[in-house]
Structure formats: C-alpha cells, structure tokens
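Read through the structure below, which is laid out as structure tokens, and then see the notes.
The values are calculated or read from the model by the stated rules, or taken from the named source; none is laboratory data. Everything quoted here is computed from the prediction, not taken from an experiment. Cβ: placed from backbone, ideal geometry, glycine included. Neighbour counts: every protein chain shown. Only protein heavy atoms, including side chains, enter the accessible area calculation; ligands, DNA and RNA are left aside. Shrake-Rupley method; radii C 1.70, N 1.55, O 1.52, S 1.80 Å.
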Amino acid sequence: MRKYSIVRGLMALALAGGVALAIPTSVAGVQVLAPPDISLANMRAHLQQFQTIATNNGGNRRSNTSGYTASVNYVYDRLVAAGYSVVKQNCTSGCTSGSGPNVIADWPGGDPEQVIMLGAHLDSVSAGPGVNDNGSGSSMLLEIALVLAAQNPTLTKHVRFAWWTDEEQGLNGSEFYVARLSSADRTRIRGYLNFDMVASTNGGYFINRITSALGQTLKAYYDSIGVQTEENTEGVGRSDDASFNAAGIQTSGVAAGASRVKTAAQVAKWGGTQSAFDPCYHRSCDTFPSNISDTVLNRAADAAAYALWTLAVGTPAGNDFSIAASPVSGSVNPGSSITTTINTTVTNGGAQPVTLSATGLPSGVTATFSPASITSGGSSTLTLSAAASGSSPGTFTVTVTGTGADATRSTSFALTVNGAPGCSGTNGTDVTIPDLSTVESSITIAGCSGNASATSAVEVHIVHTYKGDLIVNLVAPDGTLYLLHNRAGGSADNIDQTFSVNLSSEASNGTWRLRVRDAASADTGYINSWTLTL
Ligand SMILES: [Zn+2]
C-alpha cells in the first residue's frame, strides 16, 4: 500500500508540544485496513434530515432551540442503534442558557490510553438552517461513525466522536468538554480532528495546522487524489479545535472556507470564482441542497476517513460482516408501503448464515424481509407497510439487525410516516420588504382533499427592525383575506409566530399567499420563511 511511504515521511514530522503522536506502519498481528469510501448519498440523506429539522423548527437549529434538540436526537438515535456508548453532556457553565447538550460517542475497543477524537459543531446560527455551517461536518462525522460501526475493524487506538453545542455563540460546548477533562484524560487524547464547513459551494481545501503530523495525514489523502491544500488561516481560533489547542492537545481538521474571498491564485488551482467561499455563510440561504458542494464534501469525508483509518484501524479476527440499508431513509403514506435494500458485506474470514429482524417499528407499521435469512455477502429486500388507519405520523428509527453464527451487526433506517397527503407547504425564499411597500410570498397546495381545517397553522418568520410597521395577511386561493398581524409590537424586531386560523370555509388546494405591508417609513426587512399546515 503506497500510503505507507507517505506515512514514513510523516513520522519525520512528529509533533512539538503535547504527547507525540505515533502513526502506525504495523503493529504485531495487526495490519492497517484500506480506508472506506464514504457514501455521498448517505451524507446527503443526513443533510436532508437537518434541513427538514430546521424547516419544522422555525428555520434554524440554534443551540437553545427545538431545532437543535431534534438534531441531537437524530444523531444520538443512530449512534446508539449502531452500538456506540453515547452521552448527552449537558453544558452547565459557559453556554447560552437553554443550550442543548454535547453528544459524545465512544466506539468500544482500541487502546484506552490512546484516544483519537473527531468533532464537529451541531448547532447553527438563528438566521438559517446551518446546512453547510455545520450540517456538513455533522453529517460527515455521523456517516464515518456509522461506517466504522458497520465494519467494526480492530482498533489500535480508541475512537471517540463529538457533536458540539453552542459553537456559534463562542465555541462554548467544546470549551466546556475540554475544561471537564482530567489532566490524565487530556493526555490520553493523542489527536483531535475538527470539521467545520466542509462543503462550501465556492470552497477551498484547507487543513488546520497542516504541517503537523495530524495535518499531514489529512494532506496525504488530498495529495493522493491530486488536490492541493492550504493552511486554514481563516479558521484559526474560530472553531472547536481552539480549546483542544489551548489544552496542549494535538489538533488538525478540514474546512472549505466561510466568508473570506477566494483569491485569483486559489481560483486557478481549485476552480470557482473570486468571491466568498460560502456565499450563504450565517444566512437563511444556508440550505440543502443549494448550499452544498458534493465534490468538496465527498473529498473532505474521504480525507477524514483516511486519517482515522491510518491513525487507529487494524484488521478484525474471525468471520465477520457489515450491514447497511440503501436508501437509509424514506417516507410512507398510510395504506401503502416502501422498500429498502439490506446489503451485507463479508468484512473478514468466511461467509455465514444471517437472520434478519427489525425493531423500533411505530404502531400500524409492519416489516417483512425477502428473504428473511441470507448468507453474509448477500442482500434482502425490507418492505415497510403502513396501515390505512391507526398509523401515527412522525419520523421513527427502525433498527435492522443481522444475527449471524459468529457475529451480529445492525444498522438503522429513518422511517417517516406521513399524515394526510399534501396539506402542508413551506416557502423559504427570502422576499425583501422595502419601506412603505407591500410584498407577497406564495405556497401552492395540491392533492389535499376537501376544505382546510378550522385549526390551520400559519408559521411566519419575518425579519424586520420595527414589527409595529407591519400588516400581515394570509390570502386564500379565492382572494379572501385573513388578518394575522396588524401593526402590533411597536419597535420590537421580527415576527416569529405561528398563527392558528379557522380556514374551514376555504378549499385546501390552490395558491395561498402571505401578504406583508410595511405601513410606516424608516424600517425595512424581509420575509425569511413561512409554513402553512391546513
Ligand atoms: Zn461553524
């Protein structure tokens, strides 16, 4: 394997300060395994979930909101299902009040005296969903963690993953974590790799502390695919590696750039334009899929996996297999069913008989495998059927377990059971509200039977510096006006409110409009997003 020549070069770059990092060439009876190719499709599925979470929770995933809580649960459930020991660490000092927890996940195995840690912040700013900042890093780490669990290789070092809270308000979650570590625990952490904004649409290829031994393991991957890299100067002290650095722990990581403008020289080597690396940095347009570069994300994920496998992975003993679902998520309407393919791969030794089962099914949903037993290396089709009535809407984690003669492995599938079809919609496109003017944003509803309900919900997010200037109406498809907000609130900023409206005299289907009038001068704003649920 060519990597090793690179690795020997790395040995010469042993770290100054902290505990030196030994990068393995070979350990008695253990040989380094080829790093995996991390699935872009799976990462995109995680990103889609973070987007949906933001959409369903006021448009963002800020650390002290329900959007963050849902993000924590999404990550936590998958890690637990995969076999991690996971802790939700409440940040009891230094964080914004009401902040959700850090998520710390340890994979069993490896030398507990030598820990390799990978982290990414999970929160967003309040201005938008934070899909690139930092849904990208969060999704990438989640997928790498799931692949590590599915392959379950022998580890030469112990592996720990972290999803940080409250980064956007001052790197507070990671600072809290490092501050709580005993000095012995700090010494045990031989390296921390940070991933923040790894999919910028006009992105670059930046590595933190690129000349360090850790930095060089990441660089080695980019070198192997002919992509030039640079030191991440924009991110110095601005992300979660800062507290680890301050504690003398070796760090590195990957970033694709934020608001800094790409230079002509960088355009020449990476493509793109001489504009911000991420045009939607800390804005409402940091959404999925538009604000994600698949290429930049895919390369960052493979670089991170390469570094992790190089630093901590060996070869398992005995017959073993991995298991995965494709796709990893899906939604079903009452009275219908969906399928996903359960694939198994022999990861070591020979094939073995495997029996498949599913747990965590919501009420009204049944699971059937065809076939129910396979030989490892084979596949089966899982059909999930929702009863026409009695199945409650929501998103559920279905755990699929393969019980073999020598090993048992599991994976998860995110199942969304829909409610009545077609009766809700969201418009997240910003609409500027100039001074003393009237603007509209529309949502078209189709496929929803009958009239709207008497308890319809209109969730409105308007950014404005003087909400008392605003008159907000919902306009039904037939032109009927429903007054939602009439110049209330005085000089306070913004409207973030869900209005309950009796729309039972209105047919559901058609184009609904949110009409906003700025009725006084000197203050302006924009419609950020709104959701209509009939
Ligand atoms: Zn960030």
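Key figures
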{"quantity": "Pairs where the first residue, in the range 224-245, is within 14 Å of the ligand (Cβ to nearest atom) and the second is among the β-branched types (V, I, T) and open to solvent by 60 Å² or more (accessible area, probe 1.4 Å), C-beta under 9 Å, 6+ apart", "calculated": "A242/V236"}
{"quantity": "Candidates I210, I189, filtered to the one that is under 21 Å from R299 (Cβ atoms), at pLDDT 95 or above and either away from the ligand (no atom under 16 Å from the Cβ) or among the basic types (K, R) (or both)", "calculated": "I210"}
{"quantity": "Filter result for V115 (closer than 22 Å to R44 by Cα and either in contact with a Lys or Arg (Cβ under 8 Å, 6 or more places away or on another chain) or within 16 Å of the ligand (Cβ to nearest atom) (or both))", "calculated": "no"}
{"quantity": "Elements of type strands (runs of 3 or more DSSP E) contained in the range 321-420, each with 1 or more residues being under 23 Å from the mean Cα position of the chain (by Cα)", "calculated": "329-332, 337-348, 394-404, 408-417"}
{"quantity": "Residue in the range 231-247 that is surrounded by 13 or more Cβ atoms within 10 Å (Cβ to Cβ), in contact with a helix residue (DSSP H, G or I) (Cβ under 8 Å, 6 or more places away or on another chain), among the polar types (S, T, N, Q) and in a helix (DSSP H, G or I) present", "calculated": "yes"}
{"quantity": "Odd one out for G215 among (1) without any contact (Cβ under 8 Å) to a residue 60 or more places away in the chain; (2) within 24 Å of N172 (Cβ to Cβ)", "calculated": "(2)"}
{"quantity": "Residues satisfying the stated conditions in the range 508-526, i.e. in contact with a strand residue (DSSP E or B) (Cβ under 6 Å, 6 or more places away or on another chain), open to solvent by less than 30 Å² (accessible area, probe 1.4 Å) and of a type outside the set (S, T, Y)", "calculated": "W512, L514, V516, D518, A519, G525"}
{"quantity": "Enumeration of residues in the range 122-175 that are of a type in the set (A, V, I, L, M, F, W, C), within 20 Å of S99 (Cα to Cα) and either more than 16 Å from the ligand (Cβ to nearest atom) or in a loop (DSSP other than H, G, I, E, B) (or both)", "calculated": "L122, V125, A127, F161, L171"}
{"quantity": "A307 vs. criteria of a type outside the set (D, E), touching a helix residue (DSSP H, G or I) at 6+ places or on another chain (Cβ under 7 Å) and open to solvent by less than 10 Å² (accessible area, probe 1.4 Å)", "calculated": "yes"}
{"quantity": "Answer residue from the range 351-395, given it is open to solvent by less than 30 Å² (accessible area, probe 1.4 Å) and out of contact with any Leu (no Cβ under 8 Å at 6 or more places or on another chain) and is modelled with the lowest pLDDT among those", "calculated": "S391"}
